[in-house]
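Okay, structure first, notes after.
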Amino acid sequence: MPERVAIIGYFQSRCEPEKREYHITDLVYEVSSGLLNQLGMEIKELDNIVSCSQDFIDGRTISNRTIPEVEGAYLKSEAKLAGDGTQAVFYGMMRILSGKYRTCMVLAHAKMSEGPQNVIANAMFDPFFQRPLGFDELNSAALQARRYLHRYKIPEDKMAEAAATALTRAQKNENVFRGKKTTTRQVLNSKMVASPLHELEVYLPADGACALMLADETAAGKWTDQPVWLAGAGVCLDSYYLGDRDLAESRALSKAAKKAYKMAGIKNPRQEIDLVELSDYFSFQRLLYPEALGLCEPGNGSRLMDSGKSDPEGKQPLNPSGGVLAGNPLCVSGLTRVIESAKQIRGEAGKLQVKKEIRTALSQGSYGPAGQSQCVLLLSAK
Amino acid sequence: MTQEPKLLEVSSQANYPYNYSAGRLLSFFFRALRDQQKIYGRKCSKCGKVYIPPRPVCGPCFAETNEWVEVGPKGTLECFTVVYFTFLDPMTGKKRPVPYGYGLIKLDRADTRIQHFLSLNDPRKIRVGMRVEAVFNEEREGKLSDIKWFRPVE
Amino acid sequence: MGRRAAIIATGQTVHKSKRREVNIVELIHEAVSDCLKDAEMTMADIDAVLIGNMEHFEGVYNADLWAVDGTGAWLKHGMKITTGGTTGASVAHAGYYHVASGMFDCVLCVGWEKQSDGDTTAGLIFQADPLFERATMSGAIGTFALAASEYMNRFGITEEQAARVAVKNRGNALNNPCAHLRKAITIENVLQSTPLAYPIKLLDMCPTSDGACALLVASEKIAKKKSPNPPAWFKALSTRHDQPFNSDLPLLINMRSLRDAAKEAYAQAGIKNPLKEIDVAELYEPCTFAELSWYEALGFCELGQGGKLMDSGATQMSGELPVNPSGGVISTNCIGATAMIRVAEAAIQVMGKGGARQVEGAKIALATGFGGSFWTELTILERD
């Protein structure tokens, strides 16, 4: 029975606001074939596939029905995890650990340009209490931002600074489209879209895909001499109704992180984790999520940012890729965090590579209103 | 006599205007329907199967398709039905008019079938195995409906 | 095959066409409560909650998130696996993988559909390709009608033979207190029923139902120590997907994904003669003709002989391999749950809990999952 699972390869394509010349099949084939070619893996050697996409985003009930041929699923075992890409990696890992499969290709796609995103997001809310209020991802996040700022008396420009940091850093990332030298003032001057969130603090719908390959420990040796091990994983769901939670914290993320830390044997995340890639759909999450992850005290997210520890040259770089704010669609966003973390561990991040040697990295993904469903993965060089 | 509690329902309707990108292959296919009244299949670079609808990859081979092959306009009707029940059509928001006939047609030179309307809607007049041909609309827009339907070959 | 895991409990709602007195979350909760009662456990014993649902039917995106209060997933590990009609079985399989990975001991799997809240045919059309299939497609009915025309033409299968499937399954449903349609019918009834899409008539097709199903997958440790029921061990699992258009699939109704999945599952389970070695089968048959052709795909008989096998009585309750003692999909179809109900009913059989629908001495049961994409999720369960 396999004991451990590793990432043995990955492939990304550039995310854009609209990739009009791509059909969804083109989007997915680019990364699936890219990955298999890179590994030198024949399609018949591919054991099984876990895909990540959403029916509502694709405008297609059974969204993975568009892609069986291009993901190599012809007469193969495939399953779709309709959530975030990080969870798809976790599920792929379990499928291998069960002993039934040796390898698993995990891929995610979204073509958000094709659908009315705020109408789609509104469909997440129950028709009785929340949907009629016109909730979507943005305004539910805005409620959370407001609550968080209020609880810890954090000035709004701290959130804006977090966004400015992300967008500026993203200039070095060829796979995203929002990289631009940005100041806190520019963020605060951008249009207010749902107070307290300004336009530059909010992720943009995008089109993209990415893929990675998992393998058990004996298979890993066959394909690569630099496997990146999945050392820990945790998922947790929060309450559904926004009023049932204290939005100033992310209880689900804390619990997911604890499970992942326990599995990986991490007792002191502030010291033992070398790098963090979290899914910042909204600026304030770059402050709130490190707190929930136990990387600093509750309420001290902005102090952590100010300390320089999270800088690319710092002791615990945070989102050296530029994060989701830099330009990732849903589903792909979480899987991209895992890939960006793995790249840093392997020293393959190019212009984004941090100087510090990265042995343990944390990748976080979420989906749902105000990050209701959370997933934490720990990657390790050994 | 006790009254049953009145059960309420909340109606929620939404309009989801999706714009599906055809991509380069399907754009070629639909332009050919519109401008040339020709139907094209896409051939696998490995096994040579000609696929319709066209697609970038042949699933069984996991290899790219690399050639356009003109198929039809005649073919063999391999499956058919005549629909009698009506239902809400998500394409139009209205009930679909019935009865209508449709089927799976194996166009000449293609290896997979295409699903399309038939000119007939009486099952006694339709047979599996009958030869049919595409009929194009006068006005064409670059959509599958540029082919109006398939009618029996005289 | 991997580490051992078993289904130790199941729960279902009483399926009906309209459950107006409950909302979606309450419907789910009924099945979950029923399952926990069957397991003699509480939510505290559950490590993970996996769900499946076809979101476009009810128009609720990320329905797993709203459902937390009903599924018990609050502050627990939860994942959503959706693969169309096969969803319920994909979720059951996900339960197996969670437990067999060694990371979870007790996993609750839940599937549901409140078909009456939405418009099923519209939802089904929405799974068709927008540029090639939607204009013609008329839901599951039309697809099966197309498939049946080819099947009848090629092998001489008759509408009477197909009607026998409905008579059998609807008759079996009388023994199943959870089934939606519980009224016996005759061959004449089927042949005279309202034509929907030639050659499919009303009684050839499944209903749309509101319902939910839950099952509990447990590790070997928990199954042996704590299960109040004889565990239904996963003996084989296999999944096959296929090309994206129904028009790509030659002899559509015969489901090459099912044929291929069966080969793998039988090899895993060491089964050489399925008709003899399998004690009971729960097939996901939305349509009468499909069940006939799937006897062939599953190797119960040769290609084209499905009608003859039906005529022989082999798949009746008194036959060699009873098929669909629960009444099958033709008696109950709440799509997100249906494939899970097949697995649950297979588990019920090997646990010996089938009551009036129990197949005497059943030790090995097969369950299939199906969806509009003509994919297959196949499960073989056995008792020690």
Quiz prompt | Pair list, Cβ < 6 Å and 6+ apart or interchain, from segment A:114-134 residues that are over 15 Å from A:I57 (Cα atoms) and outside the structural domain of A:Y241 (by TED's automatic domain parsing) to residues that are surrounded by fewer than 19 Cβ atoms within 10 Å (Cβ to Cβ) and aliphatic (A, V, I, L, M) | solution = A:P127/B:V10; A:F128/B:V10
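Just checking: which of the helices (runs of 4 or more DSSP H) contained wholly in segment A:213-325 hold 3 or more residues that are within 14 Å of another protein chain (Cβ to nearest Cβ)?
Numbers: elements: A:217-223, A:251-264, A:269-272, A:285-292, A:301-307.
Per the criteria, A:251-264.
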Self-check item: All positions within segment B:45-92 that are in contact with a helix residue (DSSP H, G or I) (Cβ under 7 Å, 6 or more places away or on another chain) and on the phi > 0 side of the Ramachandran plot
Solution: B:F62
Quiz item: Hey, any hits in segment C:206-214 for a residue that's part of a helix (DSSP H, G or I), modelled with pLDDT of 95 or more and either among the hydroxyl-bearing types (S, T, Y) or in contact with a Pro (Cβ under 7 Å, 6 or more places away or on another chain) (or both)?
Solution: no
Quiz item: Can you name the number of the only condition in (1) outside any helix (DSSP H, G or I); (2) small (G, A, S); (3) more than 20 Å from B:G23 (Cβ to Cβ) that A:G72 fails?
Solution: (3)
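Going by the conditions given, is A:Y101 within 7 Å of chain C (Cβ to nearest Cβ) and either surrounded by 22 or more Cβ atoms within 10 Å (Cβ to Cβ) or not in a strand (DSSP E or B) (or both)?
Numbers: within 7 Å of chain C (Cβ to nearest Cβ): no; either surrounded by 22 or more Cβ atoms within 10 Å (Cβ to Cβ) or not in a strand (DSSP E or B) (or both): yes.
So A:Y101 fails the test.
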Practice problem: Select from segment B:53-98 the residues that are within 14 Å of chain A (Cβ to nearest Cβ) and touching a Gly at 6+ places or on another chain (Cβ under 7 Å) and write down the one among them that is nearest to A:Y22 (Cα to Cα). | Solution: B:P54
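Need at least 1 residues that are free of Cβ contacts under 8 Å to residues at least 60 places away in the same chain and more than 10 Å from every other protein chain (Cβ to nearest Cβ) per element, so show me which helices (runs of 4 or more DSSP H) inside segment C:118-198 make the cut, counting only ones lying wholly within it.
Numbers: elements: C:120-125, C:139-155, C:159-172, C:187-192.
Once the helices (runs of 4 or more DSSP H) in segment C:118-198 are filtered for at least 1 residues that are free of Cβ contacts under 8 Å to residues at least 60 places away in the same chain and more than 10 Å from every other protein chain (Cβ to nearest Cβ), what remains is C:159-172, C:187-192.
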Quiz item: Looking at this structure, is C:L50 more than 12 Å from chain A (Cβ to nearest Cβ), in a strand (DSSP E or B) and either within 24 Å of A:R60 (Cβ to Cβ) or out of contact with any Asp or Glu (no Cβ under 6 Å at 6 or more places or on another chain) (or both)?
Solution: no
Quiz item: Yes or no: A:S113 surrounded by 24 or more Cβ atoms within 10 Å (Cβ to Cβ) and either small (G, A, S) or facing chain C (nearest Cβ under 9 Å) (or both)?
Solution: no
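Select from segment B:99-121 the residues that are in a loop (DSSP other than H, G, I, E, B) and facing chain C (nearest Cβ under 8 Å) and list them in ascending order. Outline the logic, then answer.
Filtering segment B:99-121 down to residues in a loop (DSSP other than H, G, I, E, B) leaves B:99, B:108-113, B:119-121.
Of everything in segment B:99-121, those that are in a loop (DSSP other than H, G, I, E, B) and facing chain C (nearest Cβ under 8 Å) turn out to be B:T112, B:R113.
In this structure, does C:G299 turn out to be more than 18 Å from the chain's Cα centre (by Cα), surrounded by fewer than 24 Cβ atoms within 10 Å (Cβ to Cβ) and farther than 28 Å from C:S116 by Cβ?
Details: more than 18 Å from the chain's Cα centre (by Cα): yes; surrounded by fewer than 24 Cβ atoms within 10 Å (Cβ to Cβ): yes; farther than 28 Å from C:S116 by Cβ: yes.
Here the answer is yes, as C:G299 does meet what is asked.
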Quiz prompt | Pairs with Cβ under 6 Å, 6+ apart, first in segment B:26-42 and more than 15 Å from C:F132 (Cβ to Cβ), second in a helix (DSSP H, G or I) | solution = B:R34/B:D146; B:K38/B:A32
Quiz item: Would you call C:T87 in contact (Cβ under 8 Å) with a residue 60 or more places away in the chain, among the hydroxyl-bearing types (S, T, Y) and within 8 Å of chain A (Cβ to nearest Cβ)?
Solution: no
Practice problem: Considering only segment C:1-47, state which residues are more than 17 Å from C:V217 (Cβ to Cβ), of a type in the set (D, E) and not in a loop (DSSP other than H, G, I, E, B). | Solution: C:E26, C:E30
Self-check item: All positions within segment C:15-57 that are farther than 24 Å from C:S227 by Cα, in contact (Cβ under 8 Å) with a residue 60 or more places away in the chain and either among the hydrophobic types (A, V, I, L, M, F, W, C) or not assigned by TED's automatic domain parsing to the domain that holds C:T87 (or both)
Solution: C:I24, C:L27, C:M54, C:F57
Practice problem: Sort through A:L167, A:L188, A:L197, A:L149 and tell me the only one that's under 25 Å from A:S13 (Cβ atoms) and not small (G, A, S). | Solution: A:L167
Exercise. Output the residues belonging to segment A:50-59 that are in contact with a Ser or Thr (Cβ under 8 Å, 6 or more places away or on another chain) and more than 12 Å from chain B (Cβ to nearest Cβ).
Key: A:S53, A:Q54
Exercise. Examine segment B:125-147 for a residue that is within 16 Å of the chain's Cα centre (by Cα), small (G, A, S), over 26 Å from C:T121 (Cβ atoms) and surrounded by fewer than 20 Cβ atoms within 10 Å (Cβ to Cβ), and state whether such a residue exists.
Key: yes
Self-check item: Criterion (outside any loop (DSSP other than H, G, I, E, B), in contact with a helix residue (DSSP H, G or I) (Cβ under 8 Å, 6 or more places away or on another chain) and modelled with pLDDT under 95) met by exactly one of C:H98, C:H56
Solution: C:H56
Exercise. Quick one: count up the residues across segment C:350-384 that are among the aliphatic types (A, V, I, L, M) and within 14 Å of chain A (Cβ to nearest Cβ).
Key: 2
Quiz item: Is one or more of the residues making up segment C:317-332 in contact with a Lys or Arg (Cβ under 9 Å, 6 or more places away or on another chain), of a type outside the set (A, V, I, L, M) and assigned to a helix (DSSP H, G or I)?
Solution: no
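Does segment B:131-148 contain at least one residue that is among the β-branched types (V, I, T), outside any strand (DSSP E or B) and at pLDDT 95 or above? It would help to see each step written out before you state the result.
Kept after step one, since they are among the β-branched types (V, I, T), are these residues of segment B:131-148: B:132, B:135, B:147.
Filter once more, so that each one left must be outside any strand (DSSP E or B): none.
Looking for residues that are among the β-branched types (V, I, T), outside any strand (DSSP E or B) and at pLDDT 95 or above, one finds none in segment B:131-148, hence no.
Go over the candidates C:V49, C:V68, C:V32 one by one and state the one that is more than 21 Å from C:I341 (Cβ to Cβ) and buried (at least 24 other Cβ atoms within 10 Å of the Cβ). Spell out the reasoning first.
On the way: C:V49 fails: more than 21 Å from C:I341 (Cβ to Cβ); C:V32 fails: more than 21 Å from C:I341 (Cβ to Cβ).
The match here is C:V68.
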Quiz item: Checking A:A349 against (1) of a type in the set (A, V, I, L, M, F, W, C); (2) out of contact with any Phe, Trp or Tyr (no Cβ under 8 Å at 6 or more places or on another chain); (3) farther than 14 Å from A:K172 by Cα, which single condition isn't satisfied?
Solution: (3)
Self-check item: segment A:75-98, subset touching a His at 6+ places or on another chain (Cβ under 9 Å) and part of a loop (DSSP other than H, G, I, E, B), residue nearest to the other protein chains (Cβ to nearest Cβ)
Solution: A:S98
Practice problem: Being surrounded by 22 or more Cβ atoms within 10 Å (Cβ to Cβ) and more than 11 Å from chain B (Cβ to nearest Cβ) is the filter; apply it to segment A:14-44 and report the residue that is farthest from A:K76 (Cα to Cα). | Solution: A:C15
Quiz item: Within segment A:60-70, is there a residue that is modelled with pLDDT of 95 or more, surrounded by 24 or more Cβ atoms within 10 Å (Cβ to Cβ) and more than 8 Å from every other protein chain (Cβ to nearest Cβ)?
Solution: no
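The values are calculated or read from the model by the stated rules, or taken from the named source; none is laboratory data. This structure is a prediction, so every number in the text was calculated from the model and none was measured. Cβ coordinates were reconstructed from backbone atoms using ideal geometry, including for glycine residues, and neighbour counts include every protein chain displayed.
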